[in-house]
Amino acid sequence: MGKYLETRDLSFYYGSLPAVRRVNFGIERGAFVGVLGPNGSGKSTLLSLLAGLLEPAQGKVYLEEKDLLKLPRKTRAKKIGMVFQNFPDQLELPCHEIVMMGRFPHWRRWQKESLRDYQVVNRAMQQTATLHLAEQPFAQLSGGEKQRVMIARALAQEPELLLLDEPTSHLDILYQIEIMSILAQLREQGITILCVLHDPNLAAQFCNQALLMKEGKIFAFGKIEEVMKISVLSELFGVEFLEETHPYTLRPFFIPLSISTPYKHPLKVHLICGGGSGKPLLRLLLQKGIEVSVGVVNQLDADEEAARKLNLEVVTEKPFSSIQKENLEKAERIAMQKDYVIIAPTFWGEGNLANLEIALSLQEKGKKVLLFEKCLDSKFDFTGGKARQYLEALCKRGALVFKSPTSLLDYLDEDVATPKRTTMPSESAQSAESEAK
């Protein structure tokens, strides 16, 4: 059985420039699809193709398994309503007349408005909370009110399929949520919706599917929980995200962190941390494009949570448990693939002391170890001095000690710039090491 709406090898060009390239997807009746992607990725052009306003260069659009462009224009206008990104917002017509324009596809030539037309218009304005604006000139409305009136006009067509091109653009948060709530209610009434959006969180909270586009092609398509992931969104938008769970909807929402660096640092590090000590360093390392693995940390630990949400390789242990042998071995295997082991200034107890044993073992196998001056402070040691002994042993065997994350990062950059350099540390590292001793 075919899909309600389907595209097959759909392509469109502006002159010689491709805007949509071999797009294939299908949706069921009643879907609410958020269409997202960077500027210029072909989202608006795709909507115009789905509405039958543009003719494809190649491929076809099928509505209920019928070639869309072979359907009479009037039939298309009855089935498909479209809300454009831009509209003539200086119209002095009363709002009810704007909405009544949506009834045109249902009229015969020279036909006047019927009782049913007025009933449909009133219902559309009730659905969009615009009935109280019926007599007001359209030009005098706020941006959010104008958007609601234009949605009402589309609803007056009594469409089965509603296409919206950035209906929340230039609106404040209140109106954005208001518009999306209206669309969610329309979907519950059986209308199929495709909506171009800029905000991933609006799509994640209100839509049940996402269609992601990049350079005219489908980048990803599927259910929200399958598609809306930080690894996918980061690659799509070139921005690093942190993923959280909405406390009410239990759906994902995304916090942009920083612009993804196009430069991938050649060095890789393994970070030994815990209790939140690694979070500030993680941010600095990732901003430089350095690949980071983390462990061993207990589940529910602040550093474990940060590493997991940042999609890093992390070795975990059960909460409040000592590190098991298999996890120690796993962490050591991962760290052996890295250029450096970094130890953050965390609190040491019998439960995580084995992480320092890993560091010593790795150092004996030739792995370079870096740590911070704060690590040597006895206030972090709750093992009766065992942790201090391990850390001093690491220093005696060549571990470099740094005063700050900045001096450590400078050292890593220096290592890349002078890969043939001897094992002598940088000036900042030498100073930090001598002061620590």
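The values are calculated or read from the model by the stated rules, or taken from the named source; none is laboratory data. All values derive from a computational prediction rather than experimental measurement. In this analysis, Cβ positions are derived from the backbone assuming ideal geometry, glycine residues included, and neighbour counts consider all displayed protein chains. Just the protein is used for accessible areas: all its heavy atoms, side chains included, with ligands, DNA and RNA removed. Shrake-Rupley method; radii C 1.70, N 1.55, O 1.52, S 1.80 Å.
Just a few scattered comments:
- Once the stretch 78-107 is narrowed to residues that are assigned to a strand (DSSP E or B) and within 32 Å of the chain's Cα centre (by Cα), the residue that is nearest to L5 (Cα to Cα) is I80.
- Test: residue in the stretch 139-148 that is touching a strand residue (DSSP E or B) at 6+ places or on another chain (Cβ under 8 Å), of a type outside the set (S, T, Y), outside any loop (DSSP other than H, G, I, E, B) and modelled with pLDDT under 90: yes
- Of the strands (runs of 3 or more DSSP E) contained entirely in the stretch 155-266, those carrying at least 3 residues that are touching a strand residue (DSSP E or B) at 6+ places or on another chain (Cβ under 8 Å) and surrounded by 21 or more Cβ atoms within 10 Å (Cβ to Cβ) fall at 161-165, 192-196, 209-214.
- Conditions (1) touching a Ser or Thr at 6+ places or on another chain (Cβ under 8 Å); (2) at pLDDT below 85; (3) hydrophobic (A, V, I, L, M, F, W, C): number failed by V297: (2)
- Subset of the stretch 126-138 [in a loop (DSSP other than H, G, I, E, B) and either of a type outside the set (S, T, N, Q) or free of Cβ contacts under 8 Å to residues at least 12 places away in the same chain (or both)]: A129, A134, E135
- Identity of the residue in the stretch 1-21, open to solvent by less than 90 Å² (accessible area, probe 1.4 Å) and basic (K, R), that ends up nearest to E64 (Cα to Cα): K3
- The residue list E326, E350, E332, E364 contains one member that is within 15 Å of V294 (Cα to Cα) and without any contact (Cβ under 8 Å) to a residue 40 or more places away in the chain, which is E332.
- Flag for R76 being open to solvent by 50 Å² or more (accessible area, probe 1.4 Å) and either touching an Asp or Glu at 6+ places or on another chain (Cβ under 8 Å) or free of Cβ contacts under 8 Å to residues at least 60 places away in the same chain (or both): no
- Residue tally, condition small (G, A, S) and closer than 16 Å to Y4 by Cα, over the stretch 42-77: 2
- Considering the stretch 43-66, and only residues there that are more than 22 Å from V232 (Cβ to Cβ) and of a type in the set (D, E, K, R), the residue that is surrounded by the fewest Cβ atoms within 10 Å (Cβ to Cβ) turns out to be E55.
- Residue satisfying condition, being over 18 Å from Q209 (Cβ atoms), open to solvent by 10 Å² or more (accessible area, probe 1.4 Å) and assigned to a loop (DSSP other than H, G, I, E, B), within set G30, G40: G40
- Beta carbons closer than 9 Å, at least 6 apart along the sequence or on distinct chains, pair a first residue in the stretch 222-251 that is charged (D, E, K, R) with a second that is assigned to a strand (DSSP E or B) and loosely packed, with under 12 Cβ neighbours inside 10 Å for E240/S258; E240/I259; R251/T245.
- Of all positions in the stretch 84-107, at least one carries a residue that is under 30 Å from E225 (Cβ atoms) and surrounded by 13 or more Cβ atoms within 10 Å (Cβ to Cβ).
- Any chance G143 is out of contact with any helix residue (DSSP H, G or I) (no Cβ under 6 Å at 6 or more places or on another chain), under 19 Å from F87 (Cα atoms) and exposed (fewer than 15 other Cβ atoms within 10 Å of the Cβ): yes
- Residue in the stretch 400-412 that is in contact with an Asp or Glu (Cβ under 9 Å, 6 or more places away or on another chain), at pLDDT 85 or above, closer than 18 Å to E350 by Cα and open to solvent by 90 Å² or more (accessible area, probe 1.4 Å) present: no
- Qualifying residue in the stretch 53-63 (condition: of a type in the set (S, T, N, Q) and over 19 Å from F12 (Cα atoms)): no
- Candidates in the stretch 21-50 are the residues that are of a type outside the set (G, A, S) and out of contact with any strand residue (DSSP E or B) (no Cβ under 7 Å at 6 or more places or on another chain); of these, the one that is modelled with the highest pLDDT is E28.
- Test: residue in the stretch 302-322 that is closer than 23 Å to D381 by Cα, open to solvent by 20 Å² or more (accessible area, probe 1.4 Å) and among the acidic types (D, E): no
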